[in-house]
Amino acid sequence: MELAQDDSWRMESVLSKYENQITIFTDYLEEFPDTDELVWILGKQHLLKTEKSKLLSDISARLWFTYRRKFSPIGGTGPSSDAGWGCMLRCGQMMLAQALICRHLGRDWNWEKQKEQPKEYQRILQCFLDRKDCCYSIHQMAQMGVGEGKSIGEWFGPNTVAQVLKKLALFDEWNSLAVYVSMDNTVVIEDIKKMCCILPLSADIATENPSGSPNASNHSKGTSACCPAWKPLLLIVPLRLGINQINPVYVDAFKECFKMPQSLGALGGKPNNAYYFIGFLGDELIFLDPHTTQTFVDTEENGTVDDQTFHCLQPPQRMNILNLDPSVALGFFCKEEKDFDSWCSLVQKEILKENLRMFELVQKHPSHWPPFVPPAKPEVTTTGAEFIDSTEQLEEFELEEDFEILNV
């Protein structure tokens, strides 16, 4: 009898770990306090005392991606739910979705329940449905992760998700994003300008002539004259802000990033849980939590998606910034070149002023690094996931698998 009860308890424990609704910890606070402090959400400030409803509306407008179940098996024979392993992938989806919202609708766009939304909004949402033919679906992300050394069903860290998004974006012609993932805590201005500046054919030919081409310094400092078109930039900066816990010296700089108009928040969390951080109040980070398991939602007969489960209408959760695991990835979106130039100025002013810098921003490509080659779509008519071998060649998927500790 005792053995049966023990097995029952163990099963309930497993189910609660992976299939339960929102995970609740004592250090996660929900109700906002009565304070005169400012709340920062993705580059916008709200006065909590007088703008609480506006604040909550701003938060609920963010696309919220959670665990799902009952979607078609990944790879044909893999899992049909990402509960227990897909939380960081969902956070990556949320950050990318915010970039697409800013790209097509603008940061000031707001969502209202059961209100007809722009066609661009529906198209953005359809990019993330749990189907293998959607460009940023859990299927595409999990299978592209195989190329990063992650088996389907294995937990991702922030850097792995960044690399996967970088690859998948190459196949997304509609959004046409340039995705830059920094290396060694260093953002290189010259490389980003090279990747985002779309030169006309005549300019490309001219740059092949050494006598007529500007040097790298001039190109990176003043590209407005030779950069007639700018590819919208998703900039992801993976960081390690400590050994076992976040170093308090980085706290102020980390918070400054949420104040920047280009902010897409941060990916991170705690060793067993990934969250999408969208802002802060004092020393508490505000986040969207993917640890709710919902049923798969597909397009309806009229081609639209019922979006009611893609927005979190509950008060957002918060956690003390010092409880954050030191492995994080910051996100920024620069729709135009002037947005990137403005971001560089803000980093120089607010981030690089610290004695112990959170990351570096340099003008020229470091000479000891391999040459920078902008990523390009392979010359084949296929999707990224089809480069991945059958899931039969992968390690067996096990739902009860332990999480890996966040690391870059």
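The values are calculated or read from the model by the stated rules, or taken from the named source; none is laboratory data. The shown structure was predicted, so the numbers you read here are calculated from the model rather than taken from an experiment. Methodologically, a virtual Cβ is constructed for each residue, glycine included, from the backbone with ideal geometry; neighbour enumeration extends over all protein chains shown. Just the protein is used for accessible areas: all its heavy atoms, side chains included, with ligands, DNA and RNA removed. Shrake-Rupley method; radii C 1.70, N 1.55, O 1.52, S 1.80 Å.
Looking at segment 67-80, is at least one residue in contact with an Asp or Glu (Cβ under 9 Å, 6 or more places away or on another chain), over 30 Å from Ala142 (Cα atoms) and of a type in the set (Gly, Ala, Ser)?
Among the residues of segment 67-80, not one is in contact with an Asp or Glu (Cβ under 9 Å, 6 or more places away or on another chain), over 30 Å from Ala142 (Cα atoms) and of a type in the set (Gly, Ala, Ser), which makes the answer no.
Being over 15 Å from Asp184 (Cα atoms), surrounded by 13 or more Cβ atoms within 10 Å (Cβ to Cβ) and charged (D, E, K, R) is the filter here, so list the residues in segment 337-371 that pass it.
Within segment 337-371, Glu337, Asp339, Asp341, Glu350, Glu354 qualify.
Just wondering, is there one or more residues in segment 112-125 that are in contact (Cβ under 8 Å) with a residue 60 or more places away in the chain and touching a strand residue (DSSP E or B) at 6+ places or on another chain (Cβ under 8 Å)?
no
Look through Phe340, Phe332 and report the one residue that is in contact (Cβ under 8 Å) with a residue 40 or more places away in the chain, outside any loop (DSSP other than H, G, I, E, B), more than 22 Å from Pro290 (Cβ to Cβ) and not polar (S, T, N, Q).
On the way: Phe332 fails: more than 22 Å from Pro290 (Cβ to Cβ).
The match here is Phe340.
Name every residue in segment 148-185 that is part of a strand (DSSP E or B) and open to solvent by 20 Å² or more (accessible area, probe 1.4 Å), in order of residue number.
Met183
Exactly one of these conditions fails for Thr66: (1) of a type outside the set (D, E, K, R); (2) more than 18 Å from the chain's Cα centre (by Cα); (3) part of a loop (DSSP other than H, G, I, E, B). Give me its number.
Single failed check for Thr66: (2).
One residue is enough: does segment 38-47 have a residue meeting the conditions touching a residue at least 60 places away in the same chain (Cβ under 8 Å) and over 21 Å from Leu324 (Cβ atoms)?
yes
Among all residue pairs at least 6 apart or on different chains, which show Cβ distances below 6 Å where the first residue, located in segment 52-81, is within 15 Å of Gln294 (Cα to Cα) and the second is among the small types (Gly, Ala, Ser) and open to solvent by 10 Å² or more (accessible area, probe 1.4 Å)?
Pairs found: Arg69/Ser81; Phe71/Ser80.
For (1) without any contact (Cβ under 8 Å) to a residue 40 or more places away in the chain; (2) within 16 Å of the chain's Cα centre (by Cα), each residue gets a yes or a no:
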| residue | (1), (2) |
| --- | --- |
| Asp133 | no, no |
| Glu148 | yes, no |
| Trp155 | no, yes |
| Pro158 | no, yes |
| Ile198 | yes, no |
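Would you confirm, using the coordinates I've provided, whether Gly145 is over 20 Å from Cys334 (Cβ atoms), assigned to a loop (DSSP other than H, G, I, E, B) and open to solvent by less than 10 Å² (accessible area, probe 1.4 Å)?
no
Out of segment 162-180, which residues are closer than 18 Å to Val146 by Cβ and under 17 Å from the mean Cα position of the chain (by Cα)?
Ala162, Gln163, Val164, Leu165, Lys166, Lys167, Leu168, Ala169, Leu170
Does segment 302-329 hold any residues that are buried (at least 18 other Cβ atoms within 10 Å of the Cβ) and in a loop (DSSP other than H, G, I, E, B), and which are they?
Those that are buried (at least 18 other Cβ atoms within 10 Å of the Cβ) and in a loop (DSSP other than H, G, I, E, B): Val305, Cys312, Pro316, Leu324, Asp325, Pro326.
Just name the residue that is farthest from Pro375 (Cα to Cα) out of those in segment 186-201 that are open to solvent by less than 40 Å² (accessible area, probe 1.4 Å) and among the charged types (D, E, K, R).
Here the answer is Glu190.
So how many residues does segment 283-301 have that are assigned to a strand (DSSP E or B), surrounded by fewer than 19 Cβ atoms within 10 Å (Cβ to Cβ) and touching a helix residue (DSSP H, G or I) at 6+ places or on another chain (Cβ under 7 Å)?
1
Of the residues in segment 357-400, how many are of a type in the set (Gly, Ala, Ser), closer than 22 Å to Leu233 by Cα and at pLDDT 90 or above? First the steps, then the outcome.
Quick first cut of segment 357-400, residues of a type in the set (Gly, Ala, Ser) only: 367, 376, 384-385, 390.
Those left that are additionally closer than 22 Å to Leu233 by Cα: 376, 384.
Checking the rest, the ones that are also at pLDDT 90 or above come to none.
Result for segment 357-400: 0.
Go through segment 82-107 and give me each residue that's over 12 Å from the mean Cα position of the chain (by Cα) and either part of a helix (DSSP H, G or I) or in contact (Cβ under 8 Å) with a residue 24 or more places away in the chain (or both).
Asp82, Ala83, Gly84, Trp85, Gly86, Ile101, Cys102, Arg103, His104, Arg107
Considering only residues that are out of contact with any helix residue (DSSP H, G or I) (no Cβ under 6 Å at 6 or more places or on another chain), more than 12 Å from Leu165 (Cα to Cα) and assigned to a loop (DSSP other than H, G, I, E, B), look in segment 123-141 and name the one that is most open to solvent (accessible area, probe 1.4 Å).
By that ranking, first place goes to Asp133.
Could you tell me how many of the residues in segment 255-277 are surrounded by 23 or more Cβ atoms within 10 Å (Cβ to Cβ) and either without any contact (Cβ under 8 Å) to a residue 24 or more places away in the chain or within 17 Å of Asp325 (Cβ to Cβ) (or both)?
Within segment 255-277, residues that are surrounded by 23 or more Cβ atoms within 10 Å (Cβ to Cβ) and either without any contact (Cβ under 8 Å) to a residue 24 or more places away in the chain or within 17 Å of Asp325 (Cβ to Cβ) (or both) number 10.
Among (1) among the basic types (Lys, Arg); (2) at pLDDT below 95; (3) within 19 Å of the chain's Cα centre (by Cα), which single condition is Lys335 missing?
Of the numbered conditions (1) among the basic types (Lys, Arg); (2) at pLDDT below 95; (3) within 19 Å of the chain's Cα centre (by Cα), the odd one out for Lys335 is (2).
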